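K.L.:
To start, I am sharing the structure in question, which I have written as structure tokens.
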Amino acid sequence: MKTLKSFCAAASLAALVALSAPAFAGPDADLATAENAYAALDYSNALTAAEAVLAQRGLGHETLTRATRVAALSHAALGHGEQAKQLFTTLLQYDPDFKVDSKLGPRFAEPFAEARGYWQAQGRKPGMEVQAVIQWGQPGQIRVATQDPLSIVKRVVVAYRWAPARDFTTANVEPGARQVDVPANGSGSSRLDYYVRALDGKDNAVFEDGSPDSPKSVNVSQPVVTREEEKKSIFSSPVFYIIGGVILAGAATGGYFALRPTEYTASSRGRTVLGAGCGPNIRCD
């Protein structure tokens, strides 16, 4: 009886573990299954596992790219030309530098060539450019520009923090050319951490520059002013030149009147009349 109870308890535990295993699997485990199946030439199971990954939400850029690649290659291997072309087109949005091995044959090369032709006709390369414009003691910006011909991106998340803060301040902006204002480093911090993610409708990272776990950083330093620069700064001030100009103008005027020769006229009797000349109406004697 005791043995039967122990067996039932073990069976119940095994069933509980089996039922809860998928909940703990997550996208990483499904992705590993998909890639291993594809490497073993088990294209059907590889496709099923890859589609299970793509059905989930909140995928990072690398996971999204790898799952799409397995799905596209598996469709091509199974002879599903149209599905392979669509997935190759999407894959080239995530990874514009991806190329199909020429040794794989026409089942892979033909749908990939059609997908690549689509992007060549677009005349622009998909992607995201990020620039952090930060100076010591001054407000800055994080500038973002997305190129999304397939209109997959629905919103862009910009997050930043001044070290040593642990929490990020986040802002959501529309796709395209945008900027997010960053306050000055009031605490005297010299490092700004940030990340930018362009998300699709399922919050998957179509483009990604940094991440919450591995953010990008930019360092700023306080300008050092030397004594020579302090002296030069006095002469570079416009106030200095205004005051100096007024003083010089006053000095020049005073000098003119002080040094100007006195005008006089000598009379016939040896007397001098300052500032006057003899004439019909003016007597000199």
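The values are calculated or read from the model by the stated rules, or taken from the named source; none is laboratory data. Model, not experiment: these values are computed from the prediction. For neighbour counting, all protein chains shown are included, and Cβ atoms are generated from backbone atoms with ideal geometry for every residue, glycine included.
K.L.:
Given the condition hydrophobic (A, V, I, L, M, F, W, C), closer than 19 Å to residue 204 by Cβ and in contact (Cβ under 8 Å) with a residue 60 or more places away in the chain, answer yes or no: does some residue in the range 37-53 qualify? I'd like the intermediate steps shown before the answer.
P.N.:
Kept after step one, since they are hydrophobic (A, V, I, L, M, F, W, C), are these residues of the range 37-53: 37, 39-41, 46-47, 49-50, 52-53.
When the remaining residues are screened for being closer than 19 Å to residue 204 by Cβ, the result is 47, 49-50, 52-53.
Of the ones still in play, those that are also in contact (Cβ under 8 Å) with a residue 60 or more places away in the chain are none.
No.
K.L.:
Condition (residue is among the β-branched types (Val, Ile, Thr) and surrounded by 15 or more Cβ atoms within 10 Å (Cβ to Cβ)) applied to the range 182-193: is it met by at least one residue? Write out each step before concluding.
P.N.:
Applying the first criterion (among the β-branched types (Val, Ile, Thr)) to the range 182-193 yields 182.
The next check asks that each one be surrounded by 15 or more Cβ atoms within 10 Å (Cβ to Cβ); those that pass are 182.
So far as the range 182-193 goes, yes, one or more of its residues are among the β-branched types (Val, Ile, Thr) and surrounded by 15 or more Cβ atoms within 10 Å (Cβ to Cβ).
K.L.:
Give me the pairs: first residue in the range 169-183 and in the same structural domain as residue 155 (by TED's automatic domain parsing), second residue part of a loop (DSSP other than H, G, I, E, B) and among the hydroxyl-bearing types (Ser, Thr, Tyr), beta-carbon distance under 9 Å, and six or more apart or on different chains, which are they?
P.N.:
175/151
K.L.:
Return yes when residue 138 is among the polar types (S, T, N, Q) and closer than 30 Å to residue 220 by Cα and no when it is not. Give the derivation first.
P.N.:
Values: among the polar types (S, T, N, Q): yes; closer than 30 Å to residue 220 by Cα: yes.
Spelling it out, residue 138 is indeed among the polar types (S, T, N, Q) and closer than 30 Å to residue 220 by Cα.
Per-residue answers, yes or no, for (1) part of a strand (DSSP E or B); (2) among the hydrophobic types (A, V, I, L, M, F, W, C); (3) at negative phi:
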{"site": "198", "(1), (2), (3)": "yes, yes, yes"}
{"site": "206", "(1), (2), (3)": "yes, yes, yes"}
{"site": "212", "(1), (2), (3)": "no, no, yes"}
{"site": "217", "(1), (2), (3)": "yes, no, yes"}
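K.L.:
Name the residue, out of 125, 103, that is touching a strand residue (DSSP E or B) at 6+ places or on another chain (Cβ under 7 Å) and not small (Gly, Ala, Ser). I'd like the intermediate steps shown before the answer.
P.N.:
Values: 103 fails: touching a strand residue (DSSP E or B) at 6+ places or on another chain (Cβ under 7 Å).
None of the others qualify; the one that does is 125.
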